[in-house]
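**Student:** Sharing a structure here in structure tokens format.
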Amino acid sequence: MSGVGVIANVEPSLTPSRDSARWPTVSAWTILKWAIALCAVVVAIFPIWWMVNVVFAHPGEPVSINPRLYPTSLTAGLEKIRMILAETDYLRAYYTSLAYSLLTIAGVLLIGSMAAFEFALFEFPGKRVMFAVVMVSLMVPTAVTIVPTYLLTAKLGWLNTMQGLVVPGLASAFGLFMLIQFMKSLPREMLEAARLDGATHFQLYLYFALPLSRNALVTLAILTFMRTWGNFTWPLIVAPNPEIYTVGQVVGLFNSPFSHQTVDVVMTANLLAALPPLIFFLIFQRKIVEGIAMSGSKG
Amino acid sequence: MAQLDIVHVSKAFGDAEVLRDINLQISSGEFVVFVGPSGCGKSTLLRIISGLEELSRGEIRLDGQLINGIDPAKRGVAMVFQSYALYPHMTAFDNMGFSLKLARSPKRTIAQKVANAAGILRLEKLLERRPGALSGGQKQRVAIGRAIVREPKVFLFDEPLSNLDAELRVQMRAELTQLHGRLKTTMIYVTHDQVEAMTLADKMVVMNGGVVQQCGRPLEIYDDPDNMFVAGFIGSPRMNFLKAAVIDVAPDNVTVEGPGVGRLTLAFRDFPAGTGQVAIGIRPQRIGLLGAREGAIANRLELSPTLTFAEELGDVTYLHGDLPGGERLVLRTLDGHYSGGRQLTAVADAASILLFDETGRRIRPTI
């Protein structure tokens, strides 16, 4: 039998097509999906990009007859940042916001972890009722509690003080719930082994519950930071004195109709306010997603 | 070295009584094994001794001193858990030295005691590793080392080998036996594995339903069980139990008849009158095929099971069969495989037969 005869007998479907190997087919549906996704990306990123564009450009250049969609002047941007930090109280507001966030994080982690340790691992009278009350509080909107909380804070003489800003936000029901779910997974036998080794109740918390809950605590710290840095309503109500303005309040002043600031300066103030949470999110985005998932799914 | 006395100990969780009137005396330096099926109360009893669980009634005394209300860390006991319960964020060294650190021992003392324990358990090169970087056997040795460092009066082991593979279990059993020989400390070991119990124990405590069924040396319990539960639980494969009715009782013998055994007269001094039904117990190891044992037994019991299943294990074969009347029988041949027919003729030495009454209690002849 000749070689030519053998080739002629081969089934056509077994012969690979050269064209299909080089050019994979692209369906209209794939193109449509990608187009929608790109539109969503542009809508999400463009405001931030525009902010950067306006800040790092000469005033008016982005919206001039010859508009630019990219930053054109690093020095102009840096000069605006320098002016805002040096000639306004923005830097003090930064320190206030930083202190507010860090103190809130420390308090939420300390109180939340201690409470979660007890709820997750021990039985005590009234445990179920207390837990139910805390969880029900999650369903009460802030708008309902903000006025009574303000009145209480005022009565304590804590208006325009750091404790007035921080203390009402220390009991986080969400944080407690998240930590309880995590600490429930700590092995009981390990705690029993620690008891046999001589650990007191507090030492169980300090040497085991805390170190082994590090992931959950870091996640809660991140979520608490995101919440407090961007918190506008509570500082506005409880700290009207400019000496204790937070970044949110100062940016509000820049944004107000009476600020007499040009758009590029206002944008600079907003960019400086958005920068810490932006950097935070870029570094910790995986933990943030895990934290949101953990709070919803761990049982 | 310490003597442990468990006196009238009971424990209930709500209405469920998990331990009922337990009385045990554990001599100093003894290796005692609590063995029984899951849920029999052996782990609960161990936890009560450790102080991790409170008893409902009774007393526990260590060297004569009542330890009922004493904190677990101050009782002079150390426990090795089934899941090792190592601290995952600490190194092996820190795990073993943690109790001393809590007691504010000087660092030099901690280092010395940990090094001693590590030397006994061959852990010197693993001390800087965390539990996540250790194998199952290594983790178990670190857990044992953590207990040794505390220099307890009593070691408590709660099924420590359950999570290990079969080969490692055999190896660890040998190591535990050597450790006991070296330290000579009282050890209480809980397991559901009767092979582990038989090989490790100086004294075995067989438990079921929260009650001590029998207490004694392993071979005593194997050869002379007190009741059907102990006879069936200890020994693998399980003892065969065949029902029979008592036909005739004489001063030196008793005649029984059952669907599986037929009519059988057994030498028995002073068989108790009024016993209507008995269970005949024979271990599979005491029954062989007729060809292999013919002529070797004077007073023998012949049985005719129909083969249902052959367990060929390489060195022995266990043959499972059904007797007339539907009762199951297991017998052993010393051949690695079986190639005969389905109808078997089995032979057992009547002297190896044990009798149990209707309540499951052992009927023993008077000596």
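The values are calculated or read from the model by the stated rules, or taken from the named source; none is laboratory data. Model, not experiment: these values are computed from the prediction. FYI the Cβ positions are ideal-geometry reconstructions off the backbone, even for glycines, and counts take in every protein chain you see.
**Student:** Hey, could you check the stretch B:76-87 for residues that are more than 7 Å from chain A (Cβ to nearest Cβ) and out of contact with any strand residue (DSSP E or B) (no Cβ under 7 Å at 6 or more places or on another chain) and say which is modelled with the lowest pLDDT? Show your work before the answer.
**Tutor:** Of the residues in the stretch B:76-87, the ones more than 7 Å from chain A (Cβ to nearest Cβ) are B:76-77, B:80, B:82, B:84, B:86.
Those left that are additionally out of contact with any strand residue (DSSP E or B) (no Cβ under 7 Å at 6 or more places or on another chain): B:84, B:86.
Values: B:TYR84: 90, B:LEU86: 93.
Here the answer is B:TYR84.
**Student:** Within the stretch B:202-318, which strands (runs of 3 or more DSSP E) (wholly inside it) include 2 or more residues that are surrounded by 21 or more Cβ atoms within 10 Å (Cβ to Cβ)? Please lay out each step first, then the result.
**Tutor:** On the way: elements: B:203-208, B:211-216, B:240-249, B:253-258, B:262-267, B:277-282, B:287-289, B:300-303, B:306-312.
Correct list: B:203-208, B:211-216, B:240-249, B:253-258, B:277-282, B:287-289, B:300-303.
**Student:** Shifting gears a bit: Taking the stretch B:12-41 on its own, how many of its residues are under 18 Å from the mean Cα position of the chain (by Cα), farther than 17 Å from B:THR186 by Cβ and outside any strand (DSSP E or B)?
**Tutor:** Within the stretch B:12-41, residues that are under 18 Å from the mean Cα position of the chain (by Cα), farther than 17 Å from B:THR186 by Cβ and outside any strand (DSSP E or B) number 6.
**Student:** Now, a different point. Can you find even one residue in the stretch A:160-177 that is surrounded by fewer than 20 Cβ atoms within 10 Å (Cβ to Cβ), within 14 Å of another protein chain (Cβ to nearest Cβ) and in contact (Cβ under 8 Å) with a residue 24 or more places away in the chain?
**Tutor:** So far as the stretch A:160-177 goes, no, none of its residues is surrounded by fewer than 20 Cβ atoms within 10 Å (Cβ to Cβ), within 14 Å of another protein chain (Cβ to nearest Cβ) and in contact (Cβ under 8 Å) with a residue 24 or more places away in the chain.
Each row is one residue, and each column tells you yes or no for (1) under 26 Å from B:ARG217 (Cα atoms); (2) touching a helix residue (DSSP H, G or I) at 6+ places or on another chain (Cβ under 9 Å); (3) among the small types (Gly, Ala, Ser); (4) not assigned by TED's automatic domain parsing to the domain that holds B:ALA201.
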{"position": "B:SER10", "(1), (2), (3), (4)": "yes, no, yes, no"}
{"position": "B:ILE26", "(1), (2), (3), (4)": "yes, no, no, no"}
{"position": "B:VAL32", "(1), (2), (3), (4)": "yes, no, no, no"}
{"position": "B:GLY41", "(1), (2), (3), (4)": "yes, no, yes, no"}
{"position": "B:ARG47", "(1), (2), (3), (4)": "yes, yes, no, no"}
{"position": "B:GLU59", "(1), (2), (3), (4)": "yes, no, no, no"}
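**Student:** Determine which single condition B:GLU196 fails, assuming it passes every other condition in (1) in contact with a Leu (Cβ under 8 Å, 6 or more places away or on another chain); (2) over 23 Å from B:ASN23 (Cβ atoms); (3) outside any helix (DSSP H, G or I); (4) not aliphatic (A, V, I, L, M).
**Tutor:** Here B:GLU196 clears every test but (3).
**Student:** Another question about this same structure. Tell me, which residue of the stretch B:51-110 that is of a type in the set (Ser, Thr, Tyr) and surrounded by fewer than 20 Cβ atoms within 10 Å (Cβ to Cβ) is nearest to B:VAL142 (Cα to Cα)? Can you show your working first?
**Tutor:** Our first condition is that a residue be of a type in the set (Ser, Thr, Tyr); within the stretch B:51-110, this holds for B:56, B:83-84, B:87, B:91, B:99, B:105, B:109.
Adding the requirement that they be surrounded by fewer than 20 Cβ atoms within 10 Å (Cβ to Cβ) leaves B:56, B:83, B:91, B:105, B:109.
Numbers: B:SER56: 33, B:SER83: 12, B:THR91: 10, B:SER105: 20, B:THR109: 18 Å.
That would be B:THR91.
**Student:** Here is a follow-up. If you take the residues in the stretch A:271-299 that are modelled with pLDDT of 85 or more and crowded, with 19+ Cβ neighbours inside 10 Å, which one is nearest to the chain's Cα centre (by Cα)?
**Tutor:** Within the stretch A:271-299, the match that is nearest to the chain's Cα centre (by Cα) is A:ALA273.
**Student:** Identify, please: which residue in the stretch B:6-20 is out of contact with any Ser or Thr (no Cβ under 6 Å at 6 or more places or on another chain) and at pLDDT 95 or above and is, among those, surrounded by the fewest Cβ atoms within 10 Å (Cβ to Cβ)?
**Tutor:** B:HIS8
**Student:** Which of the residues belonging to the stretch B:145-173 are under 18 Å from B:ASP193 (Cβ atoms) and part of a helix (DSSP H, G or I)?
**Tutor:** Hits for the stretch B:145-173 are B:ALA166, B:GLU167, B:LEU168, B:ARG169, B:VAL170, B:GLN171, B:MET172, B:ARG173.
**Student:** Next question, about the same structure. Considering every residue within the stretch B:122-131, establish whether at least one is of a type in the set (D, E, K, R), within 13 Å of another protein chain (Cβ to nearest Cβ), over 30 Å from the mean Cα position of the chain (by Cα) and under 19 Å from A:ALA194 (Cα atoms). Walk me through how you get there before you give the answer.
**Tutor:** Filtering the stretch B:122-131 for residues of a type in the set (D, E, K, R) gives B:122, B:124-125, B:128-130.
After this cut, where a residue has to be within 13 Å of another protein chain (Cβ to nearest Cβ) as well, the list is B:130.
Now drop any that are not over 30 Å from the mean Cα position of the chain (by Cα), which leaves B:130.
If we keep only those that are under 19 Å from A:ALA194 (Cα atoms) too, we end up with B:130.
Yes: the stretch B:122-131 contains one or more residues that are of a type in the set (D, E, K, R), within 13 Å of another protein chain (Cβ to nearest Cβ), over 30 Å from the mean Cα position of the chain (by Cα) and under 19 Å from A:ALA194 (Cα atoms).
**Student:** Another question, if that's okay. Looking at A:LEU186, A:LEU204, A:LEU191, A:LEU196, can you tell me which residue is within 31 Å of the chain's Cα centre (by Cα), within 14 Å of chain B (Cβ to nearest Cβ), part of a helix (DSSP H, G or I) and over 14 Å from A:GLY107 (Cβ atoms)?
**Tutor:** Values: A:LEU186 fails: part of a helix (DSSP H, G or I); A:LEU191 fails: within 31 Å of the chain's Cα centre (by Cα); A:LEU196 fails: within 31 Å of the chain's Cα centre (by Cα).
Answer to the check: A:LEU204.
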